[in-house]
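Undergrad: A single structure is presented below for examination.
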Amino acid sequence: MDSIGRPLRHFLTLLDLSPDEAGALLQRATELKRLVRSGERFEPLKNRTLGMIFEKSSTRTRVSFEVGMTQLGGHALFLSPQDTQLGRGEPVEDSARVLSRMVDAVMIRTFEQRTLERFAECSLVPVINGLTDRFHPCQLLADVLTYQEHRGSIRGRTVAWIGDGNNMCHSYVNAARLFDFELRIACPEGFRPDPANLAGAGDRCTLMQSATQAVENADLVVTDVWTSMGKEQEQKQRRQAFARFKVDEALLGNAAPDALFMHCLPAHRGEEVSAAVIDGPQSVVWDEAENRLHAQKALLEFLLAA
């Protein structure tokens, strides 16, 4: 139970939602987006506070959660490692016990998934995964919302993941399970996603030998940076390994004629994606970035509104 007696829900991975809950949450995100664009005030989280713990820096995550809480009538509190005892060696569990007695929810952007899980195990309030090395579920809510806006339901569609088998790839695997689409994954040898995570998705996910194979007639093509935060020392090795996994016009040309392109940003034009693709007519990355705000507002309302 949470601090006011409701069943306590966390959002540590996409699979913390049922398919019905996820579908309803995205419908609600669409409605909240309409409300804010029409200028209507809607403040179900008035006097509520979201604690935001950042062990990894971010632009989109901080701004979207902070603005989202403001638009919902609440307040967001930014905490960096320099601002908390967590950054000075206090056990994660102790930080959770203290902070969850003072705030109404906690969003954590950190390195290890287990850090997030340890915090949630001792928290009295909902804990949200703002990103770990393992998963990035909030981004997937935004991505599926964006696809839905442009092309309708993603159910039964074909999605191609090109590049690193990283936290975004793992979350796309979970999304294939939750939203029932086919996911083709093309990664270099040695950079493939965790087999255990893939196994859970059954036949919805397939590892492909080449990016061209993965993209063929796909409805959505997605990539991410080749070198994620914290892996900068591998940059030279990764550039060599990923050279055949760049999303350019030639590769995208193998997808369905009305295929969309997404990237969670920040992007390195000329590396994992060409400027012609990310700035081209099939790219919806700016809608995708904005939809972090609307999807997360729906998530906050789902977890917190009485």
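Undergrad: Report the calculated FRET efficiency for Ser57 and Glu90 (r = Cβ-Cβ distance, R0 = 25 Å), to the nearest 0.05.
TA: Working: r = 21 Å, r/R0 = 0.82.
The formula returns an efficiency of 0.75 here.
Undergrad: Please compute the length gained on full extension between Arg151 and Glu112, using 0.36 nm multiplied by the number of residues separating them and subtracting their Cα-Cα distance. Don't jump to the answer; show the numbers that get you there.
TA: Values: separation 39, 0.36 × 39 = 14.04 nm, distance 3.45 nm.
This chain segment gains 10.6 nm when fully extended.
Undergrad: Here's a follow-up. Consider the candidate values (1) 7, 32, 39, 20, 2, 0; (2) 6, 25, 31, 21, 12, 5, 1; (3) 6, 28, 35, 23, 8, 0; state which one is P(r) over Cα pairs in 10 Å bins from 0, in percent computed from the structure displayed.
TA: The value computed from this structure is option (3).
Undergrad: Helix-derived [θ] at 222 nm for the chain: sum -39500 (n - 2.57) over DSSP H runs of at least 4, divide by residue count, nearest 500? Write out the running numbers ahead of the final one.
TA: On the way: 12 runs with 122 residues, N = 306.
So the calculated ellipticity at 222 nm is -12000 deg cm²/dmol.
Undergrad: Given points 7 Å out from each Cα along the Cα-Cβ axis, report the Glu249 to Arg41 separation in nanometres with one decimal.
TA: That separation, rounded to one decimal, is 5.0 nm.
Undergrad: To continue, here is another question. Based on other C-beta atoms within 10 Å, arrange Leu145, Leu304 from fewest to most. Kindly include the intermediate steps, with their values, before the conclusion.
TA: Working: Leu145 25, Leu304 22.
Taking fewest neighbouring Cβ atoms as first place, the list is Leu304, Leu145.
Undergrad: Taking the beta-carbon count within 10 Å as an exposure proxy, list Val277, Val285 from fewest neighbours to most. Could the numbers behind the result be given before it?
TA: Values: Val277 25, Val285 19.
Final ranking by Cβ density, sparse to dense: Val285, Val277.
Undergrad: Please list, or write none, the lysines whose alpha carbon is within less than 29 Å of the alpha carbon of Lys246, excluding same-chain residues fewer than 8 places away.
TA: In chain and number order, the partners are Lys56, Lys231, Lys236.
Undergrad: Return Glu234, Glu288, Glu189 ranked ascending by Cβ neighbour count within 10 Å, so the fewest neighbours appear first.
TA: Numbers: Glu234 14, Glu288 25, Glu189 7.
Taking fewest neighbouring Cβ atoms as first place, the list is Glu189, Glu234, Glu288.
Undergrad: Stretched out fully, how many nm does the piece from Gln213 to Gln82 gain, at 0.36 nm a residue minus the Cα gap? Don't skip to the answer; put the middle values down first.
TA: On the way: separation 131, 0.36 × 131 = 47.16 nm, distance 4.61 nm.
Answer, rounded to one decimal: 42.5 nm.
Undergrad: Counting only the backbone N, which residues of the range 243-268 are under 18 Å from the spot 7 Å out from the Cα of Trp286 toward its beta-carbon?
TA: 260-268
Undergrad: Can you figure out the FRET efficiency of Lys236 with Asp194, using R₀ = 22 Å and their beta-carbon distance, to the nearest 0.05?
TA: Numbers: r = 24 Å, r/R0 = 1.11.
It comes out at approximately 0.35.
No value in this document is a laboratory result; all are computed from the given coordinates. Predicted model only: the values in this text are computed from it and were never measured. Neighbour counts are summed over all protein chains in view; Cβ atoms, including those assigned to glycine, are modelled from backbone coordinates with ideal geometry.
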